[in-house]
Structure formats: structure tokens, C-alpha cells
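Working notes, beginning with the structure itself.
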Protein chains: 2
Amino acid sequence: MTSDLKNKHLPILENAVKALHERRFFAQYPENPMPDIYGENADKEGRERYKQHLNNKFTELVHDGAENWAGQEESPYEQQPLGIKYPYFSAETLVERADEAFHQWRKVKPVDRAAILVESLERMKTRFFEIAYATMHTTGQAYMMSFQASGPHAADRALEAIAAGYEEQTRFPEHMEWEKPMGKYNLKLNKSWRAVPKGIGLVIGCSTFPTWNTVPGMYASLVTGNPVIVKPHPKAVLPIAIVVAEVQKVLVENGLSPYICQLGVDADDRLITKELAENPRVKLIDYTGGTEFGNYVESLPGKVTFTEKTGVNSIILDSVQDIDKVAQNLAFSLSLYSGQMCTAPQNFFVPETGVKVGEEMMPYEEVVKKLADAVTGLVNNPKAGPHILGAIQNPATAARVKEAASVKGREVLSTCDISNPMFENARTCSPVIYEVDATEKESFSRELFGPIALIIKTKDTDQSIELAKEMAMNYGAISCGAYTTDEETKEKIMDEMSLAGTPVSFNLTGGIYVNQNAAFSDFHVTGGNPAGNASFTNPEYVIKRFTWVGFREPVAG
Amino acid sequence: MTSDLKNKHLPILENAVKALHERRFFAQYPENPMPDIYGENADKEGRERYKQHLNNKFTELVHDGAENWAGQEESPYEQQPLGIKYPYFSAETLVERADEAFHQWRKVKPVDRAAILVESLERMKTRFFEIAYATMHTTGQAYMMSFQASGPHAADRALEAIAAGYEEQTRFPEHMEWEKPMGKYNLKLNKSWRAVPKGIGLVIGCSTFPTWNTVPGMYASLVTGNPVIVKPHPKAVLPIAIVVAEVQKVLVENGLSPYICQLGVDADDRLITKELAENPRVKLIDYTGGTEFGNYVESLPGKVTFTEKTGVNSIILDSVQDIDKVAQNLAFSLSLYSGQMCTAPQNFFVPETGVKVGEEMMPYEEVVKKLADAVTGLVNNPKAGPHILGAIQNPATAARVKEAASVKGREVLSTCDISNPMFENARTCSPVIYEVDATEKESFSRELFGPIALIIKTKDTDQSIELAKEMAMNYGAISCGAYTTDEETKEKIMDEMSLAGTPVSFNLTGGIYVNQNAAFSDFHVTGGNPAGNASFTNPEYVIKRFTWVGFREPVAG
């Protein structure tokens, strides 16, 4: 069956490898949830399938020998438990099963592994809507983001990792006859090389993007021959449980052990992440989440780690053509999923001398007001606000927004509850904006997760750049937005932010936002600053998961 | 001038990239020191140039502001100081100058950097004989190895790093128009990407292979835009000083700062390595040397490190066609440069039931005697012995050989001085062989640097494989030699040793040895066990030296 899969999916794989190098727009999985693409009843059926999971055991995963059933998810929209229970296994059981499966999986050829994994994405595609509802009711994302981020965008990021891993493992020949002229005779050796997987991979998920941030590491480890234990955030299990179940089914259909890809949930009374991470047989760890735990992961000896931690993302305002369009764009970026994206902007650097608008200088105060008004207008628009904001995943985030005055700044915009037309119990809050001075570094030197913006009054654009760079180098940054109509300033921003390993989006207005990163084109997180050491998906992200080992022997005769 | 260099050297570069992927035999720099290749007087002139350095200041390196002149080399062949003094700069001065040069070098395009670096290798080529004599009289290598390892083989390894770095930095487009269909309109972004160098690179050399083990890291960091400080071992400076001087000359000729590549020697009264390594502006460290210091280097926070430490290399004897040929091959491998190669075998696993020779079993004792006799025959052959053994670089190594009985084994072969026909004062000793039982793991669980072999009596070949794998996984291994005529055993050895990240050479006899690794074909050190985390030259070796950073902006209009 594997060779059928290989023939079936090689075109997808080859397209994906090509796309990786061209970096044009490419999507294997359409982001548009329209019926003409995904089928007339896809949405309705997905919603029903989601509902069937509620208050039930999730039995799709291989669960023989389950030591217990655990689950503690609750919907940020309904503030009610989902009541779904997943099979629980001890860390020791998970590792033992992975270790056994390792010796089967590592002997499957890279191209066959890739084909099996692509097949699992094709299966996942049939469940995008179900995953979307699962994502809404665990993360608080709005419907459209839930569909796109957890469905097609995640699947494209997974395909990207598969393609990169496949390419890197086939970049050197399997066999070669090496023939060295020695004068009177030639020395001949048969040489061969193997891409040897490192061992068990652990993938630690986060609560806000349970598939998007998990599948790249999961598929990168799998395609390079490593068995994987996916440890989801206890509050966001269902979306990735569905994906893992699909992978297991494809493995079993192809005569392989389902333990090549396991879901390892926390027990209801304790977290098992550290136990898994510290197990000496776990060689690879992918992690998305807070900085403190991320630093712990990176410090573990004898592991190869891939982290996405937190960052302090900056907006640099220097000069613009149309301030209203800019303010609207920024208001959207700040409000989208209530600032719970790792790419959401936080620090807005505005010179005290103001911002050049067209040919004239707009005073600082007026720029600040434009931003605040744009946010107010957006969140209070009943047709847009609730759908952009979504809900707040974690009560701690809502509390942080309400207590943001502790940053010791002037309040420019206070928060308010935004009622959601579909979920009266939704946990919401609108963005707050505080104004601080450039000298008060401690106020803006840390991530304030959630819809919290700081406007930092600087002496001039040079200081804005300097501070944005310093924040990124010292505390990490995943995105940066800059507005300038001056070519020299633009080059300076590119040069300085490149040294801080931070991608920059210039002069975004209209339907494209600093938060958005496209698979096959935008590297997500650069690995070049404390926000994380991994990048979706550059070659480093896959090649550190295996070792090239060579063999040689004189040619007989 | 740069663009001339680019046109001149692009063919070399493209050939080298092609060779990296084909992994056939390829050498840009011929290893044969014959006059018809390198010129009638090349040897004589190189020797004279070497002699002119003795008891002199080495002024070829940029030395303005030298704070002192330092040097403490001595010849293992003459046991006399060379009296060469190199410009000394404090760590602070070196780092400051590198930091300044960084901002010039990082703006040079990868292809131009590569061309400049290839030019430096072409200049190095004109000094291969001078470097050979410098290598002999610092490392104790014999003439032929000194020429080949420090000259053409090192230059090929450097070219390999340049080629890999050039390829990786040009694998993604510099610019691309990204166009996403949005239904009614297309979203268009201009995107661009930069390979941003990490910062200052430090390359810490060793005393036995001062150019071969230094140039890969040095050129890998340079081609990826990082300035480099080369910190040679205080006992082996001259060979690499010549290379650094040539790089500096080519940089200056091309209008660039010589501080892009600096030599940082230790002061006569103290070592400056830690001061350099711990400087926060040093971002990359390449290291060759002992395990203890290597572990320290790897533990430094905020650095990307590439290490080659020590290993316990194994020979597995199962079954052979011709035991005499095998014994001769192994005797040579053990004796070559008196076991001072990181690839030299140490642990010889022989089953107590003996080794199958042709169709018959040869008893264990007889196999041991064959090995000992082959070593004795080789080292006592006045036409071969001294030229294979060379001299002992470090008096501590000679002492270790004489005290090797402390391994608590039965002495199979004791050491003796071998007189060198050209250097009556040469520091020499012939290999010792001890026999230990497989149960006495502590005896063979560490590297015994120098010409020390242990014959380990095992129950059977399965135990030999198990122990060789265990040694490699726990203590590192850079090479493994295995002799078996059985296909199943061969596959088992490949499989098990691949999990220990150890390359295996099978059934070597005649003119090819387990110690030898060819550029563009054999990956040197896999990175997959404690012997080191770096491999010459796989893609990982270069891509960790820079960060991909992307920029994007809506297409105007």
C-alpha cells in the first residue's frame, strides 16, 4: 500500500519542495471555507461531529491499556467544560511504546514516510470543519481563524515540514562508487550514507494554536524517522487529538505501529511534560509556550530543542501616506484574536515630533488619538468587532488586561466587555492602550500577552529603531511592522532589525496584517533572537533531527 | 576587483558544490607533492621559507598596535624552540576589531565572500610546502602527512565549507513577488530575504592538526559573513598563521578590513581562550581538542558551538579473507602519526572463539599475535617505521604510552624508542598493545590518546558490536573499522553503529585506512555522538552560522 501512496502523493511532495524554494504564494489546502471547495454540508457535518465528542470518551486514538481517561477542556465562549476524556498513559508507557515503534519507523524510507504523512493530511482535510469547532471552543478563536489556522494553514505548515524533511534526507546519494586515481592504479570504495533519526520526539503544544504550532514539529520529526509523542496543552486537546488519530489510522492501514505517533495527555491531577522531557530516551523536543518553561526546555542536556517562546513585537511609525488606513490596519492587528497571537504587535514607537503624513507632520498626540479611535471604531462595530476579537482563552489573560495600568503609563484606551452575538457567556475584553515614555524601559521590556498595546514616545525614529532592536535582541521578537516612506530609513530598519533576527513588514494597509505568516513563503520565527530557536520551515528545522552516517568498503575484485 | 575574482572562481565554486552532492572522488588541490604538479623547486623553497621564520617575528600578519610578541612553539623532531614570535593582542582588542569589521564583511554578498575566500586558498596553495615544514616541526607529523593534511587536504576541506556556505545562502531567492488570489483581487507583496550572519566567530585550534581542523570552521564562519578570530594552540601556530596572513592579504587587496580574519595568540604567560569564548559578542565557536574543554565550550550560553572532541574508536573483528593483509592494515592505522589522529583505532574487539579466516577459525591467541607481529614488523622496518610514526607532539603523550600498563591489562606489545634517520633528537615511541577482558569496561571506556591499542576479548561478535556501540554512544567515536565476510553481520554492524552516529569502514586492506577521511565524500565526525556536535561538511555545519530574515511590503500601485 505504501508504494501506492508514494505514487499518489509524490506530485504533492514535489510541488511542495518547489514552493519552498520559490517562495511564491502556494497553498495545498484552500483557506476558503466555502461549500464549493469543501462540500455543501461540510460545515454542518463538522459541527455535528464536534458536538458528538462533547461529554464523551475520545476513542478514535489507539487506547489499549489506557491507564485512565483524562480531560479538562472548557469553552472560552461558553465558560463550560467540554467533558471530553482522552486515554491517559504514564510517561514511561508512552516512551516505551515510542522506543519500540522507533525501530520500525526508522527503517521506512524517507519517501515512504513522507507519502504516509501526506496521506494523513489529506484525511485531516476531510475534518477541517470539525477541527475548526474544536479550535473555537478550546482557544476562543473566532470561527474563521479557527478554520483557517487550525485547518488549511496548519496542514500547509505540516506539508512544508514534510517537504523540507524529504528534501534534506534525499540531498545526498544513498550509494556511490568512489574512485581515486593513485597513479598506477585506482582505489575504489563502495560508499553509502544513511540519514539516521535521532530518537523519540516530544512535541509540547500551546493553548492558543493547538494544531498550527504543533504540526510543524510533529511532522518534521516524523518525516525524519523519529517517533513522536504529542503532549497538548490540557486546555486545547481536541483539535490535535483528531490529527493524531488520523495519523494513527494511516499508519495502521500501512502495517505500521500506531505508537509511531502518540498523544500523551496530562493526568487530571498533574502535568506529565517534565517527566517526558527529561526522559533520556527523548532526544528531540518541540515547544511552544511561555519563555520560562521554554528556557527550561532549551537547558535540558542531551536534547535537540526547537522552541517558540514569547516576544516583544514592535511597530515603528515614521512616515505614512494615509494615516487612517494605517491606523485601521494596526487596530485590526492588535484586536485580531484579542492580541493572543505570537505575532501580535505590542510596542508602538511614535516620535514625540510626530509622524509625517504625506508632506505634513501630524503631531504625536493626534497620531495616538488616531490609533485609539481606530481600535474603538473597530471593536464597537457589531458586525466586525466580536468576530475579530474572538474570546479570551485564559482567564489570566483577561485579568492581565484589566490590570494593565500596572505598567505605569497613561491610559489612552480602557477595556470593556464586548458582547458576542452568538455566545452570551463568552469571555471577552477589548484592547487597552497605555502610553509610556521611551526612558521607562522596564514598562515595555516584557511581553504583556493579550490585547495590550503600549505607545512609546521616542525622541525620533532613530531612537524608535534602536529600542525596537534592543527589545528584540534582549527579549525576543517574532514580528515587526514599520511605516516609512523614506528609502534610507527603510534600509536602516531592515539592516538593524535583521541583526536582531526580526522580520519586518513595511507599510501594510488594507487586507494584509503584520500578524499573518504564509507557509512556503514567510519563515515563521527566525531562530535569531530569544523569541525562539526554531523557524518554520528552514532547513535547520529538519536537519537537526537526523544524523548523516557513512559506510564504505573496497570494491570487490 | 571582487567581480574579477567572482568570475575567476565561480567555476571552482560550482564544481565544489556539485562534488558535495555527488560525493565521488574530488580534489581541487592535488595531494601529490611531486615537482611536476607544484613546481621543480617548490619543496626546497618551502623549506627555506620555513627556516626564515625561525627565531624571527612573524610580521606578515597585520600587527599595528601589537601589544606584545608571543610564541612558544618547539619542534617534536628537534625538541628545540622555534623562536617565532607572533603579534599579541588582548581579547578585548581582538573582539573590538572583529566587531567593527563585521559590519563591513556582512554587507559583502555571499558569492563575493566565497570568491575572496577561494582566492585565499589559491594563495595558500603556493605555500603548501612551507606549511608542510611548519606542520612537521609543530605537530611531529611525518613529511608526507604534514604536506597532505595541512596543505591540499585542509584546503579541500576549506573549499568544502566555502561551497556549502555559498550554496545554503543562495538556496532561497533574494526577492520574490508574492501574489495571493483573494477572489475579487490579488494581494501582492514584494518579499525579500537576507541570510544574516550571527556575529563574531572564534575558532580554537588543536596541536596536532593546526590547519586541517581549523580551516573548516574558519572558512564556514567567514563565507557566511561572520568575522573570525583564530585562536591556535600555542604549540602549533605557524601553519595557520600563514593561512590567516594570506586571507588578510586578499581582504586588503579587495578594499576590506584585515580584521575580518584575525589571529589571536595566547600570551606567553597565560591562555586567552576562555576570555574570548565568554565574550558576549562572540556568537560562534569552533573547537577541536579534549573533551573536558569541549564540554565547557558547548555549555556556554548564547553561543552556537561546533566541536570535535575525543572518541573511543573501535575495530570489530569477525571474519576475514586474509588475516595478514588485515593485520598489516590495522598495524598501519594504529601506527600512523603514532596514533595521534582523532580517527585512529583504539579498542580492538576480538571474540574469544577466534576469527573466521577464509573457511577456518583462527584461535583468539593467534589473531592477537598476528596483530602484534604486524605492528612490530612495521615499526621496525627502517624504510617505513619512522616515516609512518612521525614524532610525538606532546611529552604527556609519550609518558601516557609508557605508563599504559595502568589500564590493568596484559601487555601484548611494549613500547620502544624508534630512531629517526633524519632527527636524532626526535620524540618517538612505538605503539603498545594491551589485552583486557570485555568485563573490564573501565579500562576501555576512555580515550587513551597516542599509540595505545587495547585488545578486548569478547564472548562473540554480537558482544563486540554491543560494546563498540555502547562506547560510541557514551564516550563518542569518530571512526569504526569492521571485518566481516557475512552479509547479515555487516548489516547488523551498520544498523547498530548508525544508531551510535559512527561511520564504519568495512574490510579495509591495502592502501586505504580507517583513519582517512576524504573531503567532498566522507562526512568527518557525524555530530551524532559525544565525540562532537559538528560534521565536515554537512549543511548543518554552515546554516547554523546565519539566520534567514524576511522583509515584505505591498506592491505599490
(message) Please give me, ordered by residue number, the GluC sites (Glu not before Pro) of the stretch A:410-457 that lie in loop per DSSP and have at most 13 other Cβ atoms within 10 Å.
(response) A:Glu424
(message) Counting protein heavy atoms only and a 1.4 angstrom probe, how many square angstrom of accessible surface do chains B and A bury in total, to the nearest 100?
(response) 6100
(message) Looking for one value pair here: nearest-to-axis residue in chain B (by Cβ) for the rotation onto A, and the distance in whole angstrom.
(response) B:Pro539, 3
(request) With N denoting the number of residues in the stretch B:422-516, provide Rg(C-alpha) divided by 2.2 N^0.38 Å, to two decimal places. (result) 1.23
(message) Treating the point 7 Å from Cα along Cα-beta-carbon as the label, what are the nm separations from B:Thr126 to the other copies, to one decimal?
(response) 7.0
(request) Please arrange A:His524, B:His387 by accessible surface area, largest first, computed with a 1.4 Å probe and ligands excluded. (result) B:His387, A:His524
(request) Rounding to the nearest 20 debye, state how big the charge dipole of chain B is about its Cα centre with +1 on each Lys and Arg Cβ and -1 on each Asp and Glu Cβ. (result) 1800
(request) Mind putting a number on the dipole of the protein assembly as shown about its Cα centre? Charges go on the C-beta only, +1 for Lys and Arg and -1 for Asp and Glu, and I need it in Debye to the nearest 20. (result) 520
(request) Quick one: work out the % antiparallel among DSSP beta bridges in chain B, nearest 5. (result) 45
(request) Per DSSP H run of at least 4 residues, take -39500 (n - 2.57); add these up for chain B, divide by its residues and hand me the 222 nm value, nearest 500 deg cm²/dmol. (result) -12000 deg cm²/dmol
(request) Return a whole-number percent for the relative contact order of the stretch B:378-506, with Cα pairs under 8 Å and 6 or more residues apart as the contact set. (result) 19
(request) Compute the accessible area per residue over the protein assembly as shown, keeping the other protein chains in place, probe 1.4 Å, unit Å². (result) 36
(request) Could you tell me whether the stretch B:314-506 comes out rounded, prolate or oblate from its Cα gyration tensor? Rule is a ≥ b ≥ c as square roots of the eigenvalues, rounded for a/c under 1.5, then prolate if a/b exceeds b/c, otherwise oblate. (result) prolate
(request) Search the structure for amide H atoms under 5 Å from the amide H of A:Trp548, placed 1.01 Å from N in the peptide plane, and list their residues when 5 or more places away or on another chain. (result) A:Val196
(message) Not counting ligands, DNA or RNA, and with a 1.4 Å probe, what is B:Lys369's accessible surface area in Å² rounded to the nearest 10?
(response) 120
(message) Report, in listed order, any pair from A:Lys180/B:Lys249; B:Lys109/B:Lys231; A:Lys492/B:Lys283; A:Lys283/B:Lys274; A:Lys180/B:Lys309 with a Cα-Cα distance greater than 32 Å.
(response) A:Lys180/B:Lys249
(message) I want the local charge near A:Lys85. Using Cβ-Cβ distances under 11 Å, sum +1 for each Lys or Arg and -1 for each Asp or Glu among the other residues.
(response) -1
(message) Placing the label point 7 Å from Cα along the Cα-to-Cβ direction, what are the distances from A:Gly39 to the equivalent spots in the other copies, shortest first, in nm to one decimal?
(response) 7.6
(request) Taking the Cα centre of the stretch A:295-406 as origin, sum charge times position over the Cβ atoms of Lys and Arg (+1) and Asp and Glu (-1), and report the length of that vector in debye to the nearest 20. (result) 580
(request) Every other copy gets compared here: list the nm distances from the B:Gly377 label point (7 Å along Cα to Cβ) to its counterparts, shortest first, one decimal. (result) 9.3
(message) Through the Karplus equation 6.51 cos²θ - 1.76 cosθ + 1.60, θ set to phi - 60°, convert the phi angles of the stretch B:23-35 into ³J(HN,Hα) values in whole Hz; use x for Gly and Pro.
(response) 6, 6, 5, 8, 9, 6, 10, x, 7, 8, x, 7, x
(request) Count, for each residue of B:305-311, the Cβ atoms from other chains sitting within 10 Å of its Cβ, then give me the mean as a whole number. (result) 0
(request) Give the accessible area for A:Lys188 in Å² (nearest 10); use a 1.4 Å probe, count only protein heavy atoms, and leave out ligands, DNA and RNA. (result) 80
(request) Output the residues of the stretch B:159-204 meeting this criterion: accessible area (heavy atoms, 1.4 Å probe) in the chain alone minus accessible area with all protein chains in place is 40 Å² or greater. (result) B:Arg171, B:Phe172, B:Met176, B:Trp178, B:Lys180, B:Leu187, B:Trp193, B:Arg194, B:Val196
(request) For the protein assembly as shown, give the percent of accessible area contributed by carbon and sulfur heavy atoms, probe 1.4 Å, rounded to a whole number. (result) 49
(request) Would you be so kind as to identify which of A:Gly199, A:Met144, A:Thr273 lies farthest towards the positive end of the dipole of the protein assembly as shown, taking Lys and Arg as +1 and Asp and Glu as -1 on Cβ and the Cα centre as origin? (result) A:Met144
(request) Starting from the residue with the highest accessible area, list A:Lys459, B:Lys492 in decreasing order, probe 1.4 Å. (result) A:Lys459, B:Lys492
(message) Please list 3J(HN,Hα) in residue order for the stretch A:80-87, calculated via the Karplus relation 6.51 cos²θ - 1.76 cosθ + 1.60 where θ = phi - 60°; whole Hz, with x for glycine and proline.
(response) 9, x, 7, x, 8, 10, 10, x
(request) Once you've got the Cα coordinates, tell me which of A:Lys107/A:Lys198; B:Lys51/B:Lys125; B:Lys198/B:Lys235 are over 20 Å apart. (result) B:Lys198/B:Lys235
(request) Please give the average number of partner chain Cβ atoms lying within 10 Å of the Cβ of each residue in A:499-510, rounded to a whole number. (result) 5
(request) Could you rank the peptides B:10-18, B:194-202 by their average count of other C-beta atoms within 10 Å per residue, with the highest value first? (result) B:194-202, B:10-18
(request) Along each of the three principal axes of the Cα atoms of chain B, give the extent in whole Å, ordering the values from largest to smallest. (result) 85, 68, 47
(request) Set Lys and Arg Cβ to +1 and Asp and Glu Cβ to -1, take the dipole of the protein assembly as shown about its Cα centre, and tell me which of B:Gly339, A:Thr537, A:Val312 lies farthest positive. (result) A:Thr537
(request) Can you tell me which of A:321-329, B:84-92, B:465-473 comes out highest on packing, and rank the rest after it, using the mean Cβ neighbours within 10 Å? (result) B:465-473, B:84-92, A:321-329
(request) Using only atoms on other chains, find how many Cβ atoms lie within 10 Å of each Cβ of peptide A:522-528 and report the average. (result) 4
(request) Only Cα pairs under 8 Å and at least 6 apart count here; give the relative contact order of chain B as a rounded whole percent. (result) 18
(request) DSSP loop (so not H, G, I, E, B), at most 15 other Cβ within 10 Å: list which GluC sites (Glu not before Pro) in the stretch B:163-209 pass both filters. (result) B:Glu174
(message) At 1.4 Å probe size, put B:Glu74, B:Glu96 in order of accessible surface, largest to smallest.
(response) B:Glu96, B:Glu74
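The values are calculated or read from the model by the stated rules, or taken from the named source; none is laboratory data. Values in this document were obtained by computation on a predicted structure and should not be read as measured data. Cβ: placed from backbone, ideal geometry, glycine included. Neighbour counts: every protein chain shown. These accessible areas exclude ligands, DNA and RNA; they are computed on the full protein's heavy atoms, side chains included. Shrake-Rupley method; radii C 1.70, N 1.55, O 1.52, S 1.80 Å.
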